[in-house]
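Below: one structure, written as structure tokens.
The values are calculated or read from the model by the stated rules, or taken from the named source; none is laboratory data. If you're wondering where the values come from, they're calculated on a predicted model, not measured in any experiment. Note that we place each Cβ from the backbone using ideal geometry, even for glycine, and neighbour counts take in every protein chain shown.
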Amino acid sequence: MVRSVLSRTSRILTAGVLATAFGLTGATVSSARAESGSIIGSWSGSGSIAFASGSKERARCRAHFAKTGASSYAMNATCATASAKVDQTATLYRTGARSYSGTFFNEQYNTGGQIRITVSGRRQSVSLSGEAGTAFFTLRKL
């Protein structure tokens, strides 16, 4: 029974950190013309999550970004580790020629935090931080 409770706790923590690592709220992704340094479109990649407890786990994510305003963007992402799979949302704002920042949220686990993205060609570096831990991902444009 203890093993079952620990396993469930581990899955919940993993999902919470994934949510913290890549949060989103259900924005619709629409096709748009590519812009220099833009995050618009579909991206996929992997990275690592460091939980507040100190444990670490590898994760894979697939994210979709859409422009929602002059300098605002919405993200929907699905991330998975060996023990959990979660869907997230984020609201981002362009803060420089190749940089974005904003907040993410996972409704399923009621967790969120800050997200920062730097785009370099067809690659983006993503960092997330929140109450459940931190995460770093490298995504490539599909």
Quick check on my filter: what residues within the stretch 105-142 are within 17 Å of Asn76 (Cβ to Cβ), assigned to a loop (DSSP other than H, G, I, E, B) and of a type outside the set (D, E, K, R)? Gln108, Tyr109, Leu142
With respect to Arg8, determine if the residue is closer than 21 Å to Tyr109 by Cα and at pLDDT 50 or above. no
All but one of (1) in a loop (DSSP other than H, G, I, E, B); (2) more than 14 Å from the chain's Cα centre (by Cα); (3) surrounded by 17 or more Cβ atoms within 10 Å (Cβ to Cβ) hold for Gly69; which doesn't? (3)
The lone exception for Gln114 - which of (1) closer than 19 Å to Ser42 by Cα; (2) free of Cβ contacts under 8 Å to residues at least 24 places away in the same chain; (3) under 11 Å from the mean Cα position of the chain (by Cα) it fails: (1)
